[in-house]
Amino acid sequence: MNVVKKIGWWIWYIFAIPFVCLSFFLAMVSVGRKARKYRKFPNKFFLEQRYNFVHSQVNKLLFIKRVKVHSNGTSKIPTIPTLFVYNHKSNIDAVVLLKLLFEHWENTNQAFKFKFVAKKELQNKKNMITSVLDLLDTIYLDRNDIRQQFKAFESQHNSVKDKYSIIIAPEGTRYHQHEFGDFKAGAFKLAFHNLIPIQPIVLYGTPGLLFEKKYAKVSRDIYVTFLIYRKPFDFHTHNIEWYSNEIRGEMIKEYLRIKKNVENHTPVYEVE
């Protein structure tokens, strides 16, 4: 039965891929124009319209790349503004998170608003990725400019007051292999300052699936675990540095668990 299903899927994929590619190409041609118009006339592009447009293109991209996303723990996602922290492995990380969070909030009929925090260098590139980030009101952070960092934090703070969740990679850069970088304690400052939950997210299997050809791999499966979130009334028990290290350790433990199961060809998740 699995063989029949696989053959059927490939027949469907071969039939559908030209139409999906054409639709995705046309959308990406227009994304720069949409982003420029949004920057000039923000009131003409409603939040839900922008989310729906980007989510549609994300699904097309994952279909074209033949990527299957497996997730666990979405029921643990808080229903209030939250600081989401994730391990950064690839440019496709944000794409996967956008898909999962959008679909979770849509399926649970919750009001949702979120912003990514990204490095300033992406804003300066003026490419397709930047246009998508601009449509999502991304907050850019210059790691070499203390004054700009303060402004970025102020923007995050104001966004939380406006009921936005914030999504950030505390490593500050990508680590393509299986190691984790040090977590910047400053990435957690927003949660302590605004007393909002911290939701750790572990991604496995994303390197090589977008543009990093030298890290290309055979697997097209991505695994995403939403760990138990930290409640703000617990923050007084330890300082930011302790939470940063403790959350990092828990995320590494889950990452290695997924890695072991994938390498042993055993199920990564039970049915949630």
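The values are calculated or read from the model by the stated rules, or taken from the named source; none is laboratory data. Keep in mind the model is a prediction, meaning the values are calculated, not measured. Cβ placement follows ideal geometry from the backbone for every residue including glycine, while neighbour counts extend to all protein chains displayed. Heads up: the accessible areas ignore ligands, DNA and RNA and are worked out on the full protein's heavy atoms, side chains in. Shrake-Rupley method; radii C 1.70, N 1.55, O 1.52, S 1.80 Å.
Take the conditions (1) in a helix (DSSP H, G or I); (2) at pLDDT 85 or above; (3) in contact with a strand residue (DSSP E or B) (Cβ under 8 Å, 6 or more places away or on another chain); Gln123 misses just one of them, which is (2).
Among the residues of the range 154-203, those identified as surrounded by 17 or more Cβ atoms within 10 Å (Cβ to Cβ), among the hydroxyl-bearing types (Ser, Thr, Tyr) and in contact (Cβ under 8 Å) with a residue 60 or more places away in the chain are Tyr164, Ser165.
Within the range 136-175, being within 18 Å of the chain's Cα centre (by Cα), among the aromatic types (Phe, Trp, Tyr) and not in a strand (DSSP E or B) holds for Tyr164, Tyr175. Contact map, the range 244-268: first residue in a loop (DSSP other than H, G, I, E, B), second residue of a type in the set (A, V, I, L, M) and open to solvent by less than 40 Å² (accessible area, probe 1.4 Å), Cβ cut-off under 7 Å, separation 6 or more or different chains; pairs are Val268/Ile258. Taken together, the criteria place Ser75 among residues that are in a helix (DSSP H, G or I), open to solvent by 30 Å² or more (accessible area, probe 1.4 Å), modelled with pLDDT of 85 or more and among the hydroxyl-bearing types (Ser, Thr, Tyr). Applying a threshold of 6 Å to beta carbon distances and a minimum spacing of six or more residues, or different chains, the list of pairs starting in the range 218-231 at a residue that is under 15 Å from Ile201 (Cα atoms) and open to solvent by less than 50 Å² (accessible area, probe 1.4 Å) and ending at one that is at pLDDT 95 or above and of a type in the set (Asp, Glu) reads Thr225/Glu254.
Matching residues to (1) buried (at least 17 other Cβ atoms within 10 Å of the Cβ); (2) in contact with a helix residue (DSSP H, G or I) (Cβ under 8 Å, 6 or more places away or on another chain); (3) outside any strand (DSSP E or B):
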| site | (1), (2), (3) |
| --- | --- |
| Lys34 | yes, yes, yes |
| Tyr38 | yes, yes, yes |
| Leu62 | yes, yes, yes |
| Pro81 | yes, yes, yes |
| His88 | yes, no, yes |
| His104 | no, yes, yes |
| Ala118 | yes, yes, no |
| Ser131 | yes, yes, yes |
| Asp134 | yes, yes, yes |
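Checking each residue in the range 2-14 for being within 14 Å of Ile64 (Cβ to Cβ), surrounded by 10 or more Cβ atoms within 10 Å (Cβ to Cβ) and either without any contact (Cβ under 8 Å) to a residue 40 or more places away in the chain or in contact with a Phe, Trp or Tyr (Cβ under 7 Å, 6 or more places away or on another chain) (or both) picks out only Trp12.
Within the range 233-255, being aromatic (Phe, Trp, Tyr), modelled with pLDDT of 90 or more and over 14 Å from Asp182 (Cα atoms) holds for one residue alone: Tyr255. Which residues, taken from the range 179-191, are in contact with a strand residue (DSSP E or B) (Cβ under 9 Å, 6 or more places away or on another chain) and not in a loop (DSSP other than H, G, I, E, B)? Residues satisfying the conditions are Ala187, Phe188, Leu190, Ala191.
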